[in-house]
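Just so it is clear, none of the values below were taken in a lab; they were calculated from the coordinates. Because the structure is a prediction, the values reported are computed rather than measured. Note: ideal-geometry Cβ built from the backbone for every residue, glycine included; neighbour counts use all protein chains shown.
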Number of protein chains: 2
Amino acid sequence: MPQDLSFDLHALTARLDRSADRILQAEYGLSYRRFLTLLIVSRLGAPTQRAVSEELGVSEPSASRMTGVLAGMGLLDAQPDPAGGNRRRLSLTADGRQMVEQCRALLERRFHDLVKRSGVSYADYAHNTRLLLDALNTSAVPGVAAATTTTLRDVPSTDRA
Amino acid sequence: MPQDLSFDLHALTARLDRSADRILQAEYGLSYRRFLTLLIVSRLGAPTQRAVSEELGVSEPSASRMTGVLAGMGLLDAQPDPAGGNRRRLSLTADGRQMVEQCRALLERRFHDLVKRSGVSYADYAHNTRLLLDALNTSAVPGVAAATTTTLRDVPSTDRA
DNA sequence: CGCACTACCTTAACATGCTAACTTAGCTAG
DNA sequence: CTAGCTAAGTTAGCATGTTAAGGTAGTGCG
């Protein structure tokens, strides 16, 4: 059953995503990806779109499109960088800040409920997950992501996102 | 902190997927999703598209499109069910069977290498993953049982993450 | 027979990923 | 000053996910 772990992992994440999406969509009319983007902006301060794309683990075009949508919704503000250069500084609007906080709190509650009900040790599972992630980041499966992939850099540990 | 596990899980899975995708794309010119679809067909016997969509965890239209593509590639065979009804029986062609086996073996090797390098206990992690998945599945019906088809409908305070 | 119900599949429109290629702005050097 | 380099953002086209709505085969009842 060697294939089972990767398969289950996949299933687990896909379902978590869908659940998160349904919850946010129902409660706030916001998709999970959009929430995540807002959260990243909030955590990074006044990031460029490139910084957001790296932190989110998506390509720049994806981040570009996403920030455009969020700005259009009035949750995000994108201003040319006063320091010059072809870059934009992203920040949350008042609405955006409120939205992020509400969504974050809601998802956090739901997730902790789930972990508790499953009987899994949060700390233990989180630790192993990070070990796997680090192994993927540092050595990269031969022929894999490796150098080419620019996703989630090896951020030490606290703030991931 | 609390949010970290769900994010890490997300990041881990996303990267595993991308890695698998790159490996398969490079070696066999097949995407990971397509491989997964073939694998499911192989495991289920001669499933209908609906069965595949459920097993894969995607919607029926997705499965429909995917099987169409795979049939077009000559990896999958879709015949009207001789038993009647508006349904199609899916099966792998000789090419499809060979492709699945090669890809499966390759991914398995790579994945085991990764787990070994990470220092994580495969059995332990697999067990916890399964617990979470089960909690997510059962939680879909807190007291209402049934409605099993919908993947985690608007579950009160259980899913997400 | 005819109409409704169920199960399965398909089509249409849209959300989000990705890669490739192009544009824009500031910097550096001849 | 022009030419080239780098960084950041955008556009185009495709892969694959979703929901909504429609089509097709059996089954069952008045």
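Things to note:
- Nearest-first distances (nm) between copies at residue B:57, label 7 Å from Cα via Cβ: 1.4
- Inter-copy spacing of residue A:102 label points, which lie 7 Å from Cα along Cα→Cβ, given in nm from shortest upward: 5.3
- Average Cα contact separation per residue, region A:14-132, under 8 Å, 6 or more apart, as relative contact order %: 21
- Exposure proxy ranking, count of Cβ atoms within 10 Å, fewest first, for A:118, B:19: A:118, B:19
- Fraction in percent of alpha-carbon pairs per bin - 10 Å, region A:14-132: 13, 39, 32, 14, 2, 0
- When the alpha carbon gyration tensor of region A:8-73 is reduced to an equivalent ellipsoid, the three semi-axes, largest first, read 22, 15, 10 Å.
- Fewest neighbouring Cβ atoms within 10 Å first, the residues A:91, B:53 line up as A:91, B:53.
- Working from label points 7 Å from Cα in the Cα-to-Cβ sense, the residue B:113 to residue B:78 distance is 3.5 nm.
- Cβ-derived FRET efficiency at R0 35 Å, residue A:122 paired with residue B:91, nearest 0.05: 0.20
- Comment: the Cα-to-Cβ extended label point of residue A:31, at 7 Å, lies 1.6 nm from its counterparts in the other copies, nearest first.
- Cβ-based exposure ranking for A:34, A:87, in which fewest neighbours within 10 Å come first: A:87, A:34
- Cut-off under 5 Å, modelled amide H: who pairs with residue A:89 long-range: A:79, A:81
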